[in-house]
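The values are calculated or read from the model by the stated rules, or taken from the named source; none is laboratory data. Fair warning: this is a prediction, and the values are worked out from it, not measured in the lab. Reconstructed Cβ throughout: ideal geometry from the backbone, glycine too, with neighbour counts over all protein chains shown.
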Amino acid sequence: MPIIKAKRITKGPIAKKLLGPVVKRVMKVAKTIKKRSGVRAKYVTQPAKMSKETWKKLQIGMGDKWPQPKYMAKKQEDVSSTCYMDETYMEITRWTSDTKIQYRPHAKSPGSKSHIRYEKYSKAKTVAEALKLGSWPADWCWDYERGFIKVVGGRLRSEPIDSTEAETKNLDEVDRVVAKWFIREAARMLGMTLDQLRDDAEAKDLLLLRMKRKIAEDRAVEVLTERAKSGRKLTEQDVLSVLQHWGFRKNVTRPNVTPEGQGWVFSDTLGLVADRKGTINPTKYTLAYPNVTKVICSYVQDNLPKEIPAFSFTGINVNKNYAGKRHRDGNNVGPSIIKALGNFTGGKLNYFPNDDRALQLEDLPESDRVSLDLKHNWALFDGRRAHQVDPFKGERFSLVYFTCPRNDRVDKETKRRMEECGFPMPTAKSQQFNMNLMAAPSGYGVKTKQQSKYKAGDMKYLTWVPCATAQGSKRARG
């Protein structure tokens, strides 16, 4: 079959009839593509309401009046300007529509697009107004890190909103925008897709914990720096200011203390712990946040009574907002020291000083129970004897300093790093000293199979007031 060459029909009524609809359709598609292509027109410098010279005069002294956050002094290498600090994310994600803010006047240079936008949204007095005037969470991060914006009052969230869990339709506009923005940022920081992040709650939780703990570490540095300059002892407020920033994990591995009806508690252990294979190592966050650890270690050493001139330990249980049910600690070596901190009522420690573990927990005689006020006192006690915490109202933290068994198995490098973090690592002599502080439990007339290791002590617990309010210690014998 011969090949027929088609004639080009470009003119005349036939061409118009055949090609007209096609041309219209092509032009329509082209317009749509152009509209959606995101190609921006060349930026034209916008007229400013002030000259560069006037603006420069207005900047004199502003750096002192509007300083950057202290954490911005840390160097970030190989990080783009739009990758913000963890501390910044933890600040911005807690803002609400009612958070009151103040902008530095005329912070951005005339002639730039950012100047025009800034002059508009910097009039905002609240985060809700800032959003309405055209600024977004990324703007808030940028401006906050440069000292252009500060919080002056209003409501802040204690935790960021998780848009993978929260019903965003029930949130106001600010909460909805912040929640969606942060979950996208979290996915970017972790190198995950949004779907992967939604399915991996552990990764998301670890990110939030990292951010909180970095803020606590920064605060610990400030506390230790100020303490070094003044030479004073650490106070409860020093430690609280660190603990209130600390990111606590939801610990599901402490069923012996978890209140009935709960599946987890806020509890972390700083220092050495034993794994299921019997290996003794510090928890990962002990060495990752050395200044937090040092503050908490120094706190007890600054507040020892005359009866205890030194106290060695390898671990600290750091607990938040739960009343531990009646239990006995499993593997502590020797006595522990405990203190509760915070603005709370109730929460006393109920302790059975004569418990020799011969009876079941529920069978212990109430006549042996003593109630220790840990809000106003420190206490030395034996965690292997039964104890529990009264219900309480308010915010309550507790610190329990203890020694784990087989602590001599750690290598020299680990021991060195533990000591750098403030742990007074035990020696055979110091461990024996601790053991000699306590008297053996008397028991309840029931023959026990277990022989007490306590030999020389003459007391079964000791309470004393913090050194900052030095009124002496109160010695108690069972």
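In region 396-427, what residues are acidic (Asp, Glu) and part of a loop (DSSP other than H, G, I, E, B)? Working first, answer last.
In the first step, residues of region 396-427 are kept if they are acidic (Asp, Glu); the result is 408, 411, 413, 419-420.
Hit for region 396-427 is Asp411, nothing else.
Inside region 187-221, can you point out the residues that are modelled with pLDDT of 85 or more and small (Gly, Ala, Ser)?
Ala216, Ala220
Could you count how many residues in region 101-138 are closer than 18 Å to Arg176 by Cα and either under 23 Å from the mean Cα position of the chain (by Cα) or part of a strand (DSSP E or B) (or both)? Show your work before the answer.
Step one: list which residues in region 101-138 are closer than 18 Å to Arg176 by Cα, which gives 126-138.
Narrowing further to those that are either under 23 Å from the mean Cα position of the chain (by Cα) or part of a strand (DSSP E or B) (or both): 126, 137-138.
Residues meeting the conditions: 3.
Any idea which of (1) of a type in the set (S, T, N, Q); (2) under 26 Å from Glu420 (Cβ atoms); (3) more than 14 Å from the chain's Cα centre (by Cα) is the one Asn256 doesn't satisfy?
(2)
Does Gly334 qualify as being in the same structural domain as Arg409 (by TED's automatic domain parsing), over 30 Å from the mean Cα position of the chain (by Cα) and of a type in the set (Gly, Ala, Ser)? Before the answer, list the steps.
Working: in the same structural domain as Arg409 (by TED's automatic domain parsing): yes; over 30 Å from the mean Cα position of the chain (by Cα): yes; of a type in the set (Gly, Ala, Ser): yes.
Yes.
Quick one: what pairs do we get from region 424-441, first residue assigned by TED's automatic domain parsing to the domain that holds Asn407 and within 22 Å of Leu270 (Cβ to Cβ), second crowded, with 20+ Cβ neighbours inside 10 Å and among the polar types (S, T, N, Q), C-beta under 8 Å, 6+ apart or different chains?
Met425/Thr314; Met425/Asn407; Pro426/Thr314; Pro426/Thr403; Pro426/Asn407; Pro426/Asn434; Gln431/Thr403; Asn434/Thr403
Mind checking which residues of region 297-316 are surrounded by fewer than 22 Cβ atoms within 10 Å (Cβ to Cβ), under 23 Å from the mean Cα position of the chain (by Cα) and over 10 Å from Phe423 (Cα atoms)?
Answer for region 297-316, where residues must be surrounded by fewer than 22 Cβ atoms within 10 Å (Cβ to Cβ), under 23 Å from the mean Cα position of the chain (by Cα) and over 10 Å from Phe423 (Cα atoms): there is none.
Pairs please, first residue from region 383-394 and within 8 Å of Tyr351 (Cβ to Cβ), second anywhere and of a type in the set (D, E, K, R), Cβ atoms under 7 Å, 6+ apart in sequence or on different chains.
From residues that are within 8 Å of Tyr351 (Cβ to Cβ), the pairs are Arg385/Arg328; Arg385/Asp355; Ala386/Arg326; Ala386/Arg328; Ala386/Asp355.
Sort through Lys113, Lys125, Lys100 and tell me the only one that's at pLDDT below 95 and either at negative phi or in contact with a Cys (Cβ under 8 Å, 6 or more places away or on another chain) (or both). I'd like the intermediate steps shown before the answer.
On the way: Lys125 fails: at pLDDT below 95; Lys100 fails: at pLDDT below 95.
Among Lys113, Lys125, Lys100, only Lys113 is at pLDDT below 95 and either at negative phi or in contact with a Cys (Cβ under 8 Å, 6 or more places away or on another chain) (or both).
Anything in region 297-346 that is under 24 Å from Thr258 (Cβ atoms), polar (S, T, N, Q) and in a loop (DSSP other than H, G, I, E, B)? List them, or say none.
Thr314, Asn321, Asn331, Asn332, Asn343
Within the bounds of region 267-274, is there any residue that is in the same structural domain as Asp390 (by TED's automatic domain parsing), crowded, with 18+ Cβ neighbours inside 10 Å and not in a strand (DSSP E or B)?
Pass one, region 267-274, residues in the same structural domain as Asp390 (by TED's automatic domain parsing): 267-274.
Of the ones still in play, those that are also crowded, with 18+ Cβ neighbours inside 10 Å are 267-272.
Now restrict to residues that are not in a strand (DSSP E or B): none.
No; the residues of region 267-274 include none that is in the same structural domain as Asp390 (by TED's automatic domain parsing), crowded, with 18+ Cβ neighbours inside 10 Å and not in a strand (DSSP E or B).
Whether any residue in region 279-290 is crowded, with 19+ Cβ neighbours inside 10 Å, among the hydrophobic types (A, V, I, L, M, F, W, C) and in a helix (DSSP H, G or I) is what I want to check.
No, region 279-290 contains no residue that is crowded, with 19+ Cβ neighbours inside 10 Å, among the hydrophobic types (A, V, I, L, M, F, W, C) and in a helix (DSSP H, G or I).
For region 387-411: of the residues being crowded, with 18+ Cβ neighbours inside 10 Å and within 22 Å of the chain's Cα centre (by Cα), which is nearest to Ser430 (Cα to Cα)?
If we take residues in region 387-411 being crowded, with 18+ Cβ neighbours inside 10 Å and within 22 Å of the chain's Cα centre (by Cα), then Tyr401 is nearest to Ser430 (Cα to Cα).
If we keep just the residues of region 341-358 that are at pLDDT 95 or above and of a type in the set (A, V, I, L, M, F, W, C), which is farthest from Lys393 (Cα to Cα)?
Phe352
Show the residue pairs meeting these rules: Cβ distance below 7 Å; 6+ apart or different chains; first residue within region 276-289 and under 20 Å from Leu207 (Cβ atoms) and without any contact (Cβ under 8 Å) to a residue 60 or more places away in the chain; second residue among the aliphatic types (A, V, I, L, M) and not in a loop (DSSP other than H, G, I, E, B).
The qualifying pairs are Thr283/Leu270; Thr283/Val273.
Of all residues in region 305-326, which are within 18 Å of Thr403 (Cα to Cα) and either touching a residue at least 12 places away in the same chain (Cβ under 8 Å) or acidic (Asp, Glu) (or both)?
Here is the first cut: in region 305-326, the residues within 18 Å of Thr403 (Cα to Cα) are 308-319.
Scanning region 305-326 gives Ile308, Ala310, Phe311, Ser312, Phe313, Thr314, Gly315, Ile316, Asn317, Val318, Asn319.
How many of the residues making up region 217-268 are under 14 Å from Thr293 (Cα atoms) and β-branched (Val, Ile, Thr)?
Summing the residues that are under 14 Å from Thr293 (Cα atoms) and β-branched (Val, Ile, Thr) in region 217-268 gives 4.
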